[in-house]
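**Q** The structure's right below; bear with me while I get my questions together.
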Amino acid sequence: IYLFVGVAATDNKTVITLKGEGNSTIRANTYDITSDSWKPAISLTGLPIDIRQAMRAVVDPNTGLVYINSDMYMHVFDPRDNTVKRTTSIEGNIMPTRKFAGVAYLKSRQKIIYMGGLSGSLMYGLNMDISEYSPQTEGWAIW
């Protein structure tokens, strides 16, 4: 399954859509609202094999970086130079229901939170799982 996700950039003039292609590539499309036009798409290649697995994206408003979680990894994309700055693995117990989870940047904590979602076997959890990611420390917490 290949799904699009999208984020609004911090400049309030750009929208970025992301789509997993194959197992290790993200296609990034950028739309400029001011000029009402799409920029040429770019492909971010060489990523770990699970990139297409129910990824979600959110922008850190402090840095403009886009955090993209896939099934097993967190990818940090910089739309200013179209590069993936880093990829870190997500431990199995951190986000038990990580597929199709809701995601938001929580300004009061300066952290990214993931809520709900499906487990690896595509089952809902018995409880609402909430996981928190800190862009500053690259660490995780579970509520």
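No value in this document is a laboratory result; all are computed from the given coordinates. As the structure is a computational prediction, the values presented were derived from the model and not from experiment. Glycine also receives a Cβ, built like all others from the backbone with ideal geometry; neighbour counts cover every protein chain displayed.
**Q** So what's the net charge close to ASP32: Lys and Arg +1, Asp and Glu -1, counting the other residues with Cβ under 10 Å from its Cβ? Each step should come with its number before you reach the end.
**A** Details: positive: LYS13, LYS39; negative: ASP11, ASP36.
That works out to 0.
**Q** Taking 21 Å as the cut-off for C-alpha to C-alpha distance, list the pairs among LYS19/LYS85; LYS39/LYS111; LYS19/LYS111; LYS19/LYS99 that go past it.
**A** Result: LYS39/LYS111; LYS19/LYS111 exceed 21 Å.
**Q** A follow-up question, please. Quick check: from the Cα gyration tensor, does the range 1-83 come out rounded (a/c under 1.5), prolate or oblate? Present the calculation step by step, with values, prior to reporting the outcome.
**A** Details: a/c = 2.01, a/b = 1.51, b/c = 1.32.
It comes out prolate by the Cα gyration axes.
**Q** Moving to a separate point now. Using the Cα centre as the reference, give the magnitude of the dipole from point charges on the C-beta atoms of the range 15-68 (Lys, Arg: +1; Asp, Glu: -1; all else neutral), rounded to the nearest 20 debye.
**A** Numbers: 5 positive and 5 negative charges, 29 e Å.
Using Cβ point charges on Lys, Arg, Asp and Glu, the range 15-68 gives about 140 debye.
**Q** Let me ask something additional. Work out the FRET efficiency for THR10 and ILE142 from their Cβ-Cβ distance, taking R0 = 35 Å, and round it to the nearest 0.05.
**A** On the way: r = 28 Å, r/R0 = 0.80.
With R0 = 35 Å, the Cβ-Cβ based efficiency is 0.80.
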